[in-house]
Every structure is written in C-alpha cells, then in structure tokens.
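Worksheet for the structure shown next.
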Amino acid sequence: MVKLKYVERPKLSLIEKLFFLDFIKGLKVTFKNLIKRTVTTKYPYEKLTPPKRFRGTHAHRVKDGNEPPSFSVLEKFMDINTGESRCVACYMCQQACPVPSLFRIEAIQLPNGKKKVVRFDMNLLNCLYCGLCVDACPVDCLIMTDIYETAKYQREKCVIHMDDMSERGKDFDRRRLKEPDRIWIDDQERIKLWGQIKWS
C-alpha cells in the first residue's frame, strides 16, 4: 500500500498578492542578466575562434620532422615523402569508429616491398565527431581542426579526401601548433565568454 502525503501550497499574504512578489522573485535571474553585456556574435560577420581541442573537420598531419617516435618505427615499412600524409594504413581509426563504414582506406604494395596509402576518404555525413579515431591513431596523423563550417548543398561534397585533409592539416599546424593544448587560449578569453566561477 502506498501512502500519499499531501502538501498544501502556502497561502500568499495580501502584500504578495498585490505586488506579485513571487513573480518578481522568479524574474531575479532575468533582471540580473538584463544589465550584463551580451556575448552573442554577429555571425557570419563575427566569428569566434574555437579552442584548439575543438572537434571540427578532420585533417591529416604530414611528414615534416615533427613526428612522434612511433612513426619512425612504422616508417621503414611505408613509402611516405616529406609533405605527404603520414598515414600508415593501420586501420586503427576505422576500428575505433562507432560507424566504421564512413572510412574508405586503401593501400598498395610497391615493388620494393613498402606500402603506400593511395586512398583515405571520410564521409562526414555519418560522422559523430566523437574523436575516437583521433585517439586511436598511433602516429598522430588524424586530427580534428577548428573548422566548423561544413554545410554543403550536395552529399558528395561531404566526403573528404586525403589531399584535402593534408592541406587542412598543414594549415592548422601552421596556425595553432605552438598554442598550449587546453580548452581556452588563456583565462581572460574564458572569463570574457563564460564569466568567473566563484568556488565556495
């Protein structure tokens, strides 16, 4: 048997009824934010630069001398020239992805016994932008950039290819490689947009 407890709503006094005090209490947050400066941007004329760790359009890092130690181990089995995508066709990104069918990766065996990646396509219409593929990449090739304007009029333009990804990766590293890997560039930028949190 379930016991129900009835709680009566407190009666309003005459002053509360006349001056709508409950209504004014409810609008306290609204009044507080009424005098604050807005943080709305006039998009597309004003654009915020997302944090470095933003999960935007994917890109490939290229072989440029800044490779992690794991790349030197795998490089002897690959035919990758300087300035080309450092993808080693390990398929780890595809295995880590919740929707593995969005990848089309192809590599060929060369006469000298080395492997060369000839195709790396991603269908961003199926992408969740979760970043699992980036975490799985053993040579830090696949990254997510700060590019968020990805709307297209044709579906086939939502498929990105290896050459485009390499150019996007070069551009991203040129602009933001030296930045600290944190959510906001500095505390002033964060405070300007989100305010200061006062811990008790």
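One line per residue, one yes/no per condition, for (1) open to solvent by less than 50 Å² (accessible area, probe 1.4 Å); (2) in a loop (DSSP other than H, G, I, E, B); (3) touching a strand residue (DSSP E or B) at 6+ places or on another chain (Cβ under 9 Å); (4) under 30 Å from Trp194 (Cβ atoms):
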{"residue": "Val29", "(1), (2), (3), (4)": "no, no, no, yes"}
{"residue": "Arg37", "(1), (2), (3), (4)": "no, yes, no, yes"}
{"residue": "Lys42", "(1), (2), (3), (4)": "no, yes, no, yes"}
{"residue": "Glu46", "(1), (2), (3), (4)": "no, yes, no, yes"}
{"residue": "Lys52", "(1), (2), (3), (4)": "yes, yes, no, yes"}
{"residue": "Asn81", "(1), (2), (3), (4)": "no, yes, no, no"}
{"residue": "Ser101", "(1), (2), (3), (4)": "no, no, yes, no"}
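For region 150-167, does any single residue satisfy the condition of being in a loop (DSSP other than H, G, I, E, B) and closer than 21 Å to Val88 by Cα?
Yes, the conditions are met somewhere in region 150-167.
Of the numbered conditions (1) modelled with pLDDT of 95 or more; (2) more than 24 Å from Arg155 (Cβ to Cβ); (3) open to solvent by less than 60 Å² (accessible area, probe 1.4 Å); (4) not aliphatic (A, V, I, L, M), Gln95 satisfies every one except a single condition; which is it?
If we test Gln95 against (1) modelled with pLDDT of 95 or more; (2) more than 24 Å from Arg155 (Cβ to Cβ); (3) open to solvent by less than 60 Å² (accessible area, probe 1.4 Å); (4) not aliphatic (A, V, I, L, M), just (3) comes out false.
Out of the residues in region 54-64 meeting the condition of being in a loop (DSSP other than H, G, I, E, B) and closer than 17 Å to Val88 by Cβ, tell me which one is most open to solvent (accessible area, probe 1.4 Å).
Per the criteria, the residue is Asp64.
With the structure loaded, tell me whether Val73 is of a type outside the set (S, T, N, Q), more than 27 Å from the chain's Cα centre (by Cα), open to solvent by 100 Å² or more (accessible area, probe 1.4 Å) and at negative phi or whether it fails that test.
On the way: of a type outside the set (S, T, N, Q): yes; more than 27 Å from the chain's Cα centre (by Cα): yes; open to solvent by 100 Å² or more (accessible area, probe 1.4 Å): no; at negative phi: yes.
So Val73 does not fit the description; no.
Val134: part of a helix (DSSP H, G or I), open to solvent by 20 Å² or more (accessible area, probe 1.4 Å) and of a type in the set (A, V, I, L, M), yes or no? Let's see the steps before the verdict.
Numbers: part of a helix (DSSP H, G or I): yes; open to solvent by 20 Å² or more (accessible area, probe 1.4 Å): yes; of a type in the set (A, V, I, L, M): yes.
Here the answer is yes, as Val134 does meet what is asked.
For region 106-127, which positions are over 13 Å from Gln94 (Cα atoms) and either open to solvent by 70 Å² or more (accessible area, probe 1.4 Å) or among the basic types (Lys, Arg) (or both)? First the steps, then the outcome.
In the first step, residues of region 106-127 are kept if they are over 13 Å from Gln94 (Cα atoms); the result is 107-119, 124-125.
Ile108, Gln109, Pro111, Asn112, Lys114, Lys115, Lys116, Val118, Arg119, Leu125 - these are the residues of region 106-127 that are over 13 Å from Gln94 (Cα atoms) and either open to solvent by 70 Å² or more (accessible area, probe 1.4 Å) or among the basic types (Lys, Arg) (or both).
The values are calculated or read from the model by the stated rules, or taken from the named source; none is laboratory data. All of these numbers come straight from a predicted model, not from anything done at the bench. Note that we place each Cβ from the backbone using ideal geometry, even for glycine, and neighbour counts take in every protein chain shown. For accessibility, only protein heavy atoms count, side chains too; no ligands or nucleic acids. Shrake-Rupley method; radii C 1.70, N 1.55, O 1.52, S 1.80 Å.
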